[in-house]
Amino acid sequence: MTHPGKLIAVEGIDGAGTTTQSGLLVEELRRRGHDVVLTAEPSGTAITARLREWMKNEDVPPHDLLLCFCADRAIHLHETILPARQRGAGRVGPC
């Protein structure tokens, strides 16, 4: 399976400005006429909502959190990233 779109991941620790820089990059690429999908991880799945709850309020074993993050990534890949790339869009975002 080929994917004509490009994947750009912007990495950085919390507070490093990845969200700001991703937004600026998306604006510029769109200005130049590119189809761009801006996403972030963890994504907006139901698993993400539970992850955020756990990280704030509960003492959850690290392995359980890791499995949930992996599940979120798999859903994000199949529901957002691959469909966008298959239609030729690029994806930019903090991961």
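For this structure, a couple of remarks:
- Segment L67..E53, full-extension length gain: 3.5 nm, with 0.36 nm per residue of separation and the alpha-carbon distance subtracted.
- Semi-axes of the equivalent ellipsoid of the chain are 27, 17, 9 Å, computed as sqrt(5λ) over the eigenvalues of the C-alpha gyration tensor in descending order.
- Within the listed set A46, A84, A71, the residue fluctuating most in the Gaussian network model of the chain (springs between alpha-carbon atoms under 10 angstrom) is A46.
- Helix 62-76 axis, angle to the chain major axis (alpha carbon atoms, nearest 10°): 30 degrees
- Applying a DSSP loop filter and a limit of 15 other Cβ atoms within 10 Å to the trypsin sites (Lys or Arg not before Pro) in the stretch 9-95 leaves R32, R87.
- By accessible area with a 1.4 Å probe, ligands and nucleic acids excluded, highest first: order of E79, E28: E79, E28
- For T20, solvent-accessible area (1.4 Å; no DNA, RNA or ligand), Å²: 90 Å²
The values are calculated or read from the model by the stated rules, or taken from the named source; none is laboratory data. The structure displayed is predicted, hence computed values, not measured ones. No Cβ is skipped: glycine too gets one built from the backbone with ideal geometry, and neighbour counts run over all protein chains shown. Just the protein is used for accessible areas: all its heavy atoms, side chains included, with ligands, DNA and RNA removed. Shrake-Rupley method; radii C 1.70, N 1.55, O 1.52, S 1.80 Å.
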